[in-house]
Amino acid sequence: MDKSSENKPNKNPQKHICAALLAHVDAGKTTLSEGILYTAGTIRQMGRVDNQNTFLDNDTIERDRGITVYSKQAVFDWEDTHVTLLDTPGHVDFSAEMERTLQVLDYAVLVVSGADGVQSHTETLWQLFERYDIPVFLFVNKMDQPGSGREKLMEELRRKLSDGCTDFGTDEQQRMEAAAMCEEDLLEDFLETGRVAEEEIRRLIWERKLFPCYFGSALRMEGVREFLQGFAYYTSEPVYGENFGARVYKITRDEQGNRLTHMKITGGALQVRQMLTGRCRQQDGSEEEKAQTWSEKVNQIRIYSGERYEAVSEAAAGTVCAVTGLGATYPGEGLGEEQESELPILEPVLTYQILLSKEWDAGRAMPLLRQLEEEEPELHIVWDEAVGEIHAQIMGEVQIDIIKQQLWDRYRMEVEFGTGSIVYKETIAEPVVGIGHFEPLRHYAEVHLLLEPGEAGSGLQFEAKCSEDILAKNWQRLIMTHLEERVHRGVLTGSAITDMKISVIAGRAHPKHTEGGDFRQATYRAVRQGLRGAVNVLLEPYYSFRLTVPTEQLGRAMTDVERMSGKLDSPDTQGGTAVLTGIAPVVTMREYQRDLAAYTSGKGHLSCQMYGYLPCHDAEDVILARGYDPDADLWQTADSVFCSHGSGYIVPWNEVPEHAHVEHEYSLNEEERRRRQEQEAYALMSAAERRRQGYVEDYALGEEEIRSILGRASGANRSEKKGWKRQRRRTVTAQNGPAKSTSGKKREKYLLVDGYNIVFAWDALKALAEDNIDAARDRLMDILCNYQAYCGMTLILVFDAYKVRGGIGQMIDYHNIHVVYTKEAETADQYIEKLAHQIGHDYDVTVATSDGVVQLIILGQGCKLWSARDFEAEIQRVEERIAHDTNRTY
């Protein structure tokens, strides 16, 4: 289902909407679902969580714990609208269960506690809605509790989520005025007629420009009916295609053990006895696995509502149903015309060894654990062949008790979990070519891959850049299949690799001796050979956190975060309470809740949400503790097999390029490689080691130049602030501890922008640069002038001049920003690295770049970092805010 193409709103009055309730924990989401179903007449009596009798939390585990663990489905009708309602978990440990439901939604209903406001998990949900392009209605719950001010909450929703958040409980004229502010044409019509058509409001909601907000108390049944009326009136059914398509989002088993494939029909219709086909999903680690397709017949179609279901003979487009008879489906799979969904953002960050009881062995337990794994997206089962151990990767410790209970209830399997550790990942800091050759007697394949670092959070991307004149298309497709089918391991700790683009750039097959399995071997070895020759980076998971403590405990809390290698925003104090937000490594913060409860006497509150993977704060210690030897890992060999005189022989990975049979056009600049390796080594050095090796003096900008930069910063930038309020941050660096303070004053903010890196990363500027690079550069300068005027930091934009013969370097003032053109033979990233090194610990410095090596070094200097993508989103956010403020003033 592609919202950008065919799925425009359907004007058919008999509409079918699929929606889900989503919230942070304890926002009252399950209570709201009870209120909705009761008001719609689906249930005769409202259940309560504390009474263990709610309609959708019907599993014993859920009722015993009082939390939603599994997403459940209910159906109801309201006026002309038939609604499939999905209730999802709010606890962070079960976020993956929540995320997979997003793949099938037409609309999301975000529940916010009026007592707690926008939490870190709420913001994570909002980012997921944006990624999956889901229109959102908001219900602010618990408005009966003290401190739940409507205007204050609306201001917070607009500030933290979107300016499009609009109170739909206001009168009609105010609602239309808010809608008119979303588009210039609508604003002009509104100023002339005083109205905005209701159909236009529906369109704005569908296009995620307007987000209706309703207020009430689900427990007291206040505002529930008004929300239902508004939801039914302002939603639009998508238009589906005529050909069959379906999106699988969940696998479960019923009480009789029947495997259920939960899916949404996204085109045509599904009928009982219909034959479906798909591609088998590959499991990690097996050398013998081959991509296969399956064909199976639908035995039964079920429409669930709570525990009960109705069996139907046909499911039309828009229907969410469960199907029996399919044994090879998996969450995220597309059937028929539907494409496979993107990989989920939320992933397990903790790993534990599963300890089996004496009655069970691994051979008997693994198939059953695999069954559970396919049903639980937050659970990853890993079989470590080298040591014969089973490991479980999970989201959080609450999940452990749930898994143990599930295994006992289903299979009478008693297990324990060993000591937990962190799920690390690995990436690379610069491009490298990997070569794999597999040529035992009567076999042949050679593969050349280009491995390039990607932006943080981008995962693995694969592309074929090889000409068909060099390697036939069918062989290239086979290489791509082998790249995608396996979890490739890094060479530092044996952790999975991520944030990398791998491209096929060359290869060769033999017209007589090549078989499909040959390219599997050559591809695996090429990836590994490239990693062995790369600058590798160890990554660890970070939490974004919100920490609330009594004001008198603020100093203790800030010290603790610094000790945990966290990075802090400036504290927000209200009355006797202080709120700290920031990011910190999972490994240092995972046990902090107990310490917090102890020193605040239970008054402190900590909420954490997965932030993403960043360079490990103690990489050397982790690598040493893991003791991983890439040469001893025979399952992930980097060596190649060549043939001479009728017999194969092993060539070590570092000698493979000399023996390769194929040449490729891509070559690495060895001088650039050495320079970047030195920079990487520098970033990992202690301050004392840097002084011993003389780096500090050689790496510094001149004092006169620094004074010039800082002196000029007090000029142009500051004269243009126009009263905009600053947002200051306190930064704690990963390697060097707390940032220096200057007589207790707040630190000045600086933003350093890598000019051409941004130009060629933003699509609009890149397209402009292809015609006129000067025009693209000037356009970026104008954009940043507007941004600086609103945000008020000192902004320094740096452009490369290293190819300009005789360039002496210069800084000019362009309106309210500074523009630097580097000297001959000096790149923008070198200049930014040096400047960040000089001022990073005395000022609040943020750097905008997507250069992988620069990102690593910048983090080591105590600076904050924006990728080009993050910076573009920030620019858009500020431009929207400026437009909103301008329209409001107008």
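The values are calculated or read from the model by the stated rules, or taken from the named source; none is laboratory data. Source: prediction; values computed, not measured. All Cβ positions, even for glycine, are placed from backbone atoms using ideal geometry, and neighbour counts span all protein chains on display. When the accessible area is computed, the model is the full protein with side chains, heavy atoms only, and any ligands, DNA or RNA have been set aside. Shrake-Rupley method; radii C 1.70, N 1.55, O 1.52, S 1.80 Å.
Taken as Cα centroids, the stretch 135-172 and the stretch 201-258 sit 19 Å apart, rounded to the nearest whole angstrom.
Per-residue extension of 0.36 nm, minus the Cα-Cα distance of THR277 and THR551, leaves a gain of 92.6 nm for this segment.
Summing Cβ point charges (Lys, Arg +1; Asp, Glu -1) relative to the Cα centre of the stretch 341-493 gives a dipole of roughly 400 debye. Close amide-amide hydrogen proximity is noted between ALA509 and no other residue 5 or more places distant or on a separate chain, at a cut-off under 5 Å (H modeled in the peptide plane; Pro and chain starts excluded). Taking all protein chains together and a 1.4 Å probe, the residues GLU452, GLU172, GLU338, GLU515 rank GLU515, GLU172, GLU452, GLU338 from largest to smallest accessible area. Amide H to amide H distances under 5 Å link VAL847 with LEU752, LYS864, LEU865, TRP866, where only residues 5 or more positions off or on other chains count and H is placed in the peptide plane. Per residue, the stretch 221-266 exposes an accessible area of 38 Å² to a 1.4 Å probe, with every protein chain left in place. The GLN45 and LYS152 beta-carbon pair, evaluated with R₀ = 41 Å, returns a calculated FRET efficiency of approximately 0.75. Can you list the residues of the stretch 197-236 with backbone N under 13 Å from a point 7 Å past the Cα of GLU172, pointing along Cα to Cβ? Under cut-off, by backbone N: 197-199.
Straight-line cross-link reach from LYS512 at under 13 Å between alpha-carbon atoms covers these aspartates and glutamates, not counting any fewer than eight positions away in the same chain: GLU439.
Separation of the stretch 586-619 from the stretch 313-364 is 31 Å, based on Cα centroids.
Mind giving me the nanometre distance, one decimal, between the label points for GLU296 and TYR330, set 7 Å out from Cα along Cα→Cβ? Taking the two extended label points, one gets 1.3 nm. Cross-link pairs exceeding 18 Å in C-alpha to C-alpha distance, out of LYS15/LYS264; LYS15/LYS250; LYS15/LYS72; LYS465/LYS766; LYS425/LYS567; LYS501/LYS864, comprise LYS15/LYS250; LYS15/LYS72; LYS465/LYS766; LYS425/LYS567; LYS501/LYS864.
Selection among VAL387, TRP475, GLY434 by position relative to the dipole of the stretch 324-478 gives VAL387 as farthest towards the positive end (Cβ unit charges, Cα centre). The residues of the stretch 350-423 present an accessible area of 46 Å² per residue when probed at 1.4 Å with all protein chains retained.
Counting only Cβ charges, +1 for Lys and Arg and -1 for Asp and Glu, the dipole size of the stretch 474-631 around its Cα centre is about 660 debye. Could you tell me what percent of the accessible area of the stretch 515-618 is made up of carbon and sulfur, with a 1.4 Å probe and every protein chain present? About 47 percent, which is the carbon plus sulfur part of the accessible surface. Full extension of the chain segment joining ARG877 with ALA472 gains 141.2 nm, where the gain is 0.36 nm per residue of separation less the Cα-Cα distance.
Taking only protein heavy atoms and a 1.4 Å probe, the accessible area of the stretch 385-438 is 46% carbon and sulfur. If the chain linking ASP384 and ASP26 were pulled fully straight, counting 0.36 nm for each residue of separation and taking away their Cα-Cα distance, it would gain 125.1 nm.
So if R0 is 56 Å, what FRET efficiency would ASP189 and LYS404 give, r being the distance between their Cβ atoms, rounded to the nearest 0.05?
0.40
Placing dummy labels 7 Å off each Cα toward the beta-carbon, the span from ALA362 to GLU198 is 6.4 nm. Computed over protein heavy atoms with a 1.4 Å probe, the carbon and sulfur contribution to the accessible area of the stretch 129-238 reaches 44%. Per residue, the accessible area of the stretch 484-643 comes to 39 Å² when a 1.4 Å probe rolls over the protein heavy atoms.
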